[in-house]
Structures are given as C-alpha cells and as structure tokens.
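Here's the structure, in structure tokens; my notes come after.
The values are calculated or read from the model by the stated rules, or taken from the named source; none is laboratory data. Keep in mind the model is a prediction, meaning the values are calculated, not measured. Please note: Cβ atoms are built from the backbone with ideal geometry, for glycine as well, and neighbour counts cover all protein chains shown. Areas reflect the complete protein model, heavy atoms only, side chains present, ligands, DNA and RNA absent. Shrake-Rupley method; radii C 1.70, N 1.55, O 1.52, S 1.80 Å.
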Amino acid sequence: MAQHDLVSIVMVTYNSSDWLDSSLGTIPRGASRVPYEVIIVDNASSDDSVEQLRNRFPDVTLIENTANEGFARAVNRGARAASGNWILLLNPDTEVEPGAIDALLDFALHNPGHGIYGGRTVTPGGQVDPSSCWGLPSVWSTTCFGLGLSTAFKRSLIFDPESLGNWQRDSVREVGFVSGSLLLMPRDVWQELDGFDERYFVYGEDADLGARARARGYRPIVTPSATIVHAVGARSEEHTSELQSRLHLVCRLLLEKK
C-alpha cells in the first residue's frame, strides 16, 4: 500500500454528540496502515457536537454549516475540502472494526475499475445489518416498499428484492449500490460523477450514485473483509421521505431507458 494512498474520511454530523467518541475513536484501529484525514461537516447541530469536536478531536477538519443542508450537500462540501486521492464516507453512528479501512482500501487497490467499494456492517449485537448495500430500486420494489410488503416479508426475493435475499454480506459480490454509511471511491471517480445529487436531501443519494456509476460502466462491489458496527435505529417516521426519494430515482431511471 503506497504512502500516497491518502484516504479522506468524510463524515456528516447532526446532533451526533452521543456517537462521536465511539465513531472517531475507532478510526485509528481501523486504519492502522492507511494514511488518512478526517473531515467533519456539521449540519447546524443543536447539541454539543461542535463543541465536542473542537475540544476532543482538534485534528479533524471541521466545517460548520449554518443550517441543515441535508446529507448529500454536506457530503459534497466535505469532499471538496478533501486532499486525499480516496474518498471514504462514514456515518457517525458507526464503530470501525480493527483493520477495516486498511482491508477496504487494499481490496479496492487489488480490484480496480469497480468505482464504488463497500464492506459489511453488523449491529451492536453482532447480527448482520443488510443496509451496507442493496439492489437498485425498481417500480416493483418501490411499490412493495410503499405498501409495506418489503417490511412484512423482509429478505423475500419477491416482495423485498432490494435486500438481495438471505445473503449475509459474507462474500465478495457486485451490488446495485453501496450505502453511504461505508463507501469508498477513488477521488477521480467521485469527481467524474459530480458526487451526490443534491436534490436528495436525505435518502436515495447513494442509490442514485450507484445507478449513475453503473450507467458509466462501473460495478459497485462489497467485501466482507471490511466490517463496521452500525447502530441502526427504527426509521418508520421517515418512511414518506424515503419513499419520495425512491420514486424520484425510479422515475429518472425509467426516463433514461427511453
């Protein structure tokens, strides 16, 4: 692994003070062989996230937004401030397992051309968290999501096809898209795709990125050798927002096929 392979870790915070010690504190063990920088974009948190970052993590580059600009726009702002030739997106509610970032970069270097690389996420209890990657949304899968069928029949290849069935994320596999909670890209590919589409305030931006990457010949891929712990919470109150993002993406994909 060459010294010039600097990884710019971009993290967006929004009232994330409860997570910062665990997320930022585990990055060094996950990147013991990889040179890296950490860029935090705070979306106008009302808790003490900014104060905590200033006092306890003075080495990070902190960008303070005066308003909540949404996830996609905040990530793009952080990526513009990056100096590395790799962009790594990481959620604040994660803990990086030992060697995970080392393994992810090593995998990307040995498997060039895929454009987007992801890993495996598990819950704090050690169970697999399928949200590390998904199949791309379709008219059918979005209908199932809107009707609650994907929730009622989780992991069903018929009613929840985006979940990719019972696959435990325990093997190398090309996927529709990689989740923004752990996503690695060469900086030149990120720039080629113009980063995230900022029309997505939250949800859908990573699926859109994966779709645009695939349209250009890239094939997002994940490896189980890079693992993080993700504190996934219930999101039922955000169902409408996610459904709107899915509909936007599916409509765009349908129009592009014409």
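Summing charges over neighbours of Glu95, with a neighbour being any other residue whose Cβ is under 15 Å away from its Cβ, gives -3 when K and R count +1 and D and E count -1. Out of every Cα-Cα pair that the stretch 102-215 contains, those further apart than 24 angstrom amount to 28 percent.
Charged neighbours of His114, selected by a Cβ distance under 13 Å, balance to +3 (K, R count +1; D, E count -1). With angles folded into 0 to 90 degrees, how steeply does helix 71-80 sit against the dominant principal axis of the chain? Use alpha carbons for both and round to 10. Approximately 40 degrees, to the nearest 10. Ranked from largest to smallest solvent-accessible area, with a 1.4 Å probe on the protein heavy atoms, Glu192, Glu64 come out as Glu64, Glu192.
For the chain, take the longest principal axis of its alpha carbons; what is the angle in degrees between that and the long axis of helix 17-30, to the nearest 10 within 0 to 90? The answer is roughly 80 degrees. Only Lys, Arg, Asp and Glu carry charge here, each on its Cβ (+1 for the first two, -1 for the last two); on that basis the stretch 47-90 has a dipole of about 240 debye about its Cα centre.
Other residues lying with their Cβ under 10 Å from the Cβ of Val229 contribute a combined charge of -4, Lys and Arg counting +1, Asp and Glu -1.
Beta bridges assigned by DSSP with both partners in the chain are antiparallel in approximately 45 percent of cases.
The angle between the Cα long axis of helix 205-215 and the main principal axis of the chain comes to about 70°, on a 0 to 90 degree scale. Positive end of the dipole of the chain (Cβ unit charges, origin at the Cα centre): among Ala100, Ala215, Ser46, the Cα lying farthest that way belongs to Ala215.
Solvent-accessible surface (1.4 Å probe) assigned to Thr143 amounts to roughly 60 Å². Derived from the Cα gyration tensor, the three semi-axes of the equivalent ellipsoid of the chain are 27, 21, 19 Å, largest first. Against the empirical 2.2 N^0.38 Å (N residues), the stretch 60-102 has a Cα radius of gyration ratio of 1.33.
Computed from the Kirkwood radius of its Cα pairs, the Stokes-Einstein diffusion coefficient for the stretch 59-164 at 10 °C and 1.306 mPa s stands at 94 µm²/s.
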